[in-house]
Amino acid sequence: MLPALHKILIHILDLLLPRRCVGCRSNGSSLCTLCLTGLPLALPDEPDLIACYEYNDKTVRRALWRMKYGNATELVGIFADPFAEEVLATLAELLSTPERNEHIALIPVPLHKKRLRERGYNQAELLARALAEKIPEARVYPSLITRITNTESQTKMKSRREREKNVEAAFVLSDTVVTLPRICIVVDDIITSGATTRACVVLLKSAGAHTVLRAAVAHGAL
């Protein structure tokens, strides 16, 4: 669909069926500025983990589920600025003496091809691309990791061990692995137990990555 036509159709739909904020239910946006600024901040408990918001907050959950399953991809843009700020704050510490022309790899957690066809987009890749627009040194590697197993949703797993087992051998590295930069960031929308992103970290370190961070809009145990 042509971009201009797509924008016109979105505008018409907004007039007929205006988007409502998942927090206060006001019209005009899936998450209004007031509700966004009031979201509780995450307190990551692992040194390699970057996250903006506490996933157990009902507004955070509703927003991310709408972004993930409800085709509300405008939420990617809404979360882009605070997400980039969190990532940049961490990178400022790691890159206190950056090497010349150094760049950072953003690796979105991949969807299985079947799930990607059903959903039509990978929200982790959209977030990675939004971060790359905010962080000049960042480059997105969308095909570096492939999900070869259509695993059951992690939200259905009760224990940490069940979640880790669910994603064992679910991912493989691309056959054309490039030389990775010093810092890589695995990007996802939500990190709960962390099993999925840790599986990706293992693969990247096996490919020679020096420092691998994990970043998500929200973090928190279910």
Criterion: surrounded by 11 or more Cβ atoms within 10 Å (Cβ to Cβ), modelled with pLDDT of 90 or more and touching a Ser or Thr at 6+ places or on another chain (Cβ under 9 Å) - qualifying residue of 94, 31, 41, 88: 31
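Would you call residue 93 touching a residue at least 24 places away in the same chain (Cβ under 8 Å), over 16 Å from residue 216 (Cβ atoms) and either in contact with a Pro (Cβ under 8 Å, 6 or more places away or on another chain) or not in a loop (DSSP other than H, G, I, E, B) (or both)?
Working: touching a residue at least 24 places away in the same chain (Cβ under 8 Å): no; over 16 Å from residue 216 (Cβ atoms): yes; either in contact with a Pro (Cβ under 8 Å, 6 or more places away or on another chain) or not in a loop (DSSP other than H, G, I, E, B) (or both): yes.
When the stated conditions are applied, residue 93 does not pass them.
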Single residue of the range 68-79 satisfying the filter (in a loop (DSSP other than H, G, I, E, B) and on the phi < 0 side of the Ramachandran plot) that is modelled with the lowest pLDDT: 70
Single residue of the range 52-67 satisfying the filter (open to solvent by 40 Å² or more (accessible area, probe 1.4 Å) and part of a helix (DSSP H, G or I)) that is modelled with the lowest pLDDT: 66
Residue list for the range 55-84, filter: in contact with a Cys (Cβ under 8 Å, 6 or more places away or on another chain) and either free of Cβ contacts under 8 Å to residues at least 24 places away in the same chain or β-branched (Val, Ile, Thr) (or both): 59
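The values are calculated or read from the model by the stated rules, or taken from the named source; none is laboratory data. All values derive from a computational prediction rather than experimental measurement. Methodologically, a virtual Cβ is constructed for each residue, glycine included, from the backbone with ideal geometry; neighbour enumeration extends over all protein chains shown. These area figures cover heavy atoms from the full protein model, side chains too; ligands, DNA and RNA do not enter into them. Shrake-Rupley method; radii C 1.70, N 1.55, O 1.52, S 1.80 Å.
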